[in-house]
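**Student:** Before we start, here is the structure in question, set down as structure tokens.
The values are calculated or read from the model by the stated rules, or taken from the named source; none is laboratory data. These numbers come from a predicted model, not from an experiment. When we count neighbours, we look across all protein chains shown, and the Cβ atoms used for this are built from the backbone with ideal geometry, even at glycine. Ligands, DNA and RNA are stripped out before the accessible areas are found, and what is left, the full protein with its side chains, is counted by its heavy atoms. Shrake-Rupley method; radii C 1.70, N 1.55, O 1.52, S 1.80 Å.
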Amino acid sequence: MIDPRLIAESLEVDRSKRAVDRLVSVMAKEHFDLAVYLDLIRSSKSPMNWLLAWTLNHYYDAYPYLPERQQHLLWEFLQETRFDGIKRDVWRILSLVSLSESIAGEVFEKCVQIIPSAQFPVAVRAHAMQVGLNIVCSYPELAQEYNLLLEDLTDYEFASIRSRARRFLKRTKKLKAPH
């Protein structure tokens, strides 16, 4: 199992995309303890904390599987971090994986809070929209609530939010709620 401190040391030497890709391959081969990795992000200063989160984002982009216990670890981590760049990366990770039923409801509620709020960066909101869509696809009974939220965004000032809302509405309106 690879020690996350070795990943941090490698990032200090080379932060290039190619180096991150190599680290992702090593992480996949040797595995890593997500709890220890998240603790290292917590204890690292900027920019290392963001680089570690960015590398984790690339890992789950390549290997989009997150067991339920690790989903809870990542969700708890997201709730406590105060860095927007790290929040963006964690929301993106959540958009890549299939969330378990035990966490999907809580995550969906947070999506509903974040998506319309100008307090959050556009990238965080965009990834939260994708997470919400993924949850709605798994739980179509949430589609009506999600559609109402998205409809309010179609006149929103940011083109990225507006276009994503329109695109997601097309998908969610096709979903059939279970009877």
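**Student:** Excluding residues on the same chain fewer than 8 positions from residue 174, give the lysines whose Cα lies under 27 Å from its Cα.
**Tutor:** Result set, ordered by chain and number: 110.
**Student:** Using only Cα atoms and rounding to the nearest 10 degrees, what angle (0 to 90) does helix 143-153 make with the longest principal axis of the chain?
**Tutor:** Between helix and principal axis, roughly 90 degrees.
**Student:** Related question: Determine which lysines satisfy two conditions relative to residue 29: a Cα distance under 23 Å, and not lying fewer than 8 residues away in the same chain.
**Tutor:** Qualifying lysines at Cα under 23 Å: 17.
**Student:** Now a separate question. Can you give the calculated 222 nm mean residue ellipticity of the chain, where each DSSP H run of n ≥ 4 adds -39,500 (n - 2.57) and the sum is split over every residue, rounded to the nearest 500 deg cm²/dmol? Walk me through the intermediate numbers first.
**Tutor:** Numbers: 10 runs with 131 residues, N = 179.
After summing the helix terms and dividing by residue count, I get -23000 deg cm²/dmol.
**Student:** Below 14 angstrom from the Cβ of residue 19, what's the summed charge of the other residues (Lys, Arg +1; Asp, Glu -1)?
**Tutor:** Working: positive: 15, 17, 18, 22; negative: 9, 12, 14, 21.
Spelling it out: positives minus negatives among the neighbours equals 0.
**Student:** Using the Cα centre of region 26-179 as the reference point, and only Cβ charges (+1 on K/R, -1 on D/E), how large is the resulting charge dipole? Debye, rounded to the nearest 20. Could the numbers behind the result be given before it?
**Tutor:** Values: 19 positive and 18 negative charges, 124 e Å.
So the magnitude is around 600 debye.
**Student:** Could I ask something else about it? May I ask for the distance between the Cα centers of region 28-90 and region 113-169, given as a whole number of Å?
**Tutor:** 23
**Student:** Here's a follow-up. Near residue 38, within a Cβ-to-Cβ distance under 15 Å, what is the net charge of the other residues, with Lys and Arg +1 and Asp and Glu -1? Numbers along the way, then the final one.
**Tutor:** On the way: positive: 5, 42, 69, 82, 87; negative: 3, 33, 39, 76, 80, 89.
Residues close to residue 38 contribute a combined charge of -1.
**Student:** Also: Using Cα pairs closer than 8 Å and at least 6 residues apart in sequence, work out the relative contact order for the chain, in percent.
**Tutor:** Numbers: 183 pairs, mean separation 27.4, N = 179.
So the answer I get is 15 percent.
**Student:** Could you work out how far helix 101-114 tilts from the main Cα principal axis of the chain, as a 0 to 90 degree angle to the nearest 10?
**Tutor:** Relative to the chain, helix 101-114 is tipped by roughly 70 degrees.
**Student:** If one takes the longest principal axis of the Cα atoms in the chain, at what angle in degrees, from 0 to 90 and to the nearest 10, does the Cα axis of helix 34-43 lie?
**Tutor:** Helix 34-43 sits roughly 80 degrees off the main axis of the chain.
**Student:** Here is a further query. Can you match Rg and Dmax of the Cα atoms in Å to one of these, (i) 17.1, 57; (ii) 18.6, 57; (iii) 34.6, 122, based on a calculation from the structure here?
**Tutor:** It is the value labelled (i).
**Student:** Calculate, for region 31-127, the solvent-accessible area per residue in square angstrom, rolling a 1.4 angstrom probe over the heavy atoms of the protein chains. Each step should come with its number before you reach the end.
**Tutor:** Values: 4430 Å² over 97 residues.
Ligands and nucleic acids excluded, the result is 46 Å² per residue.
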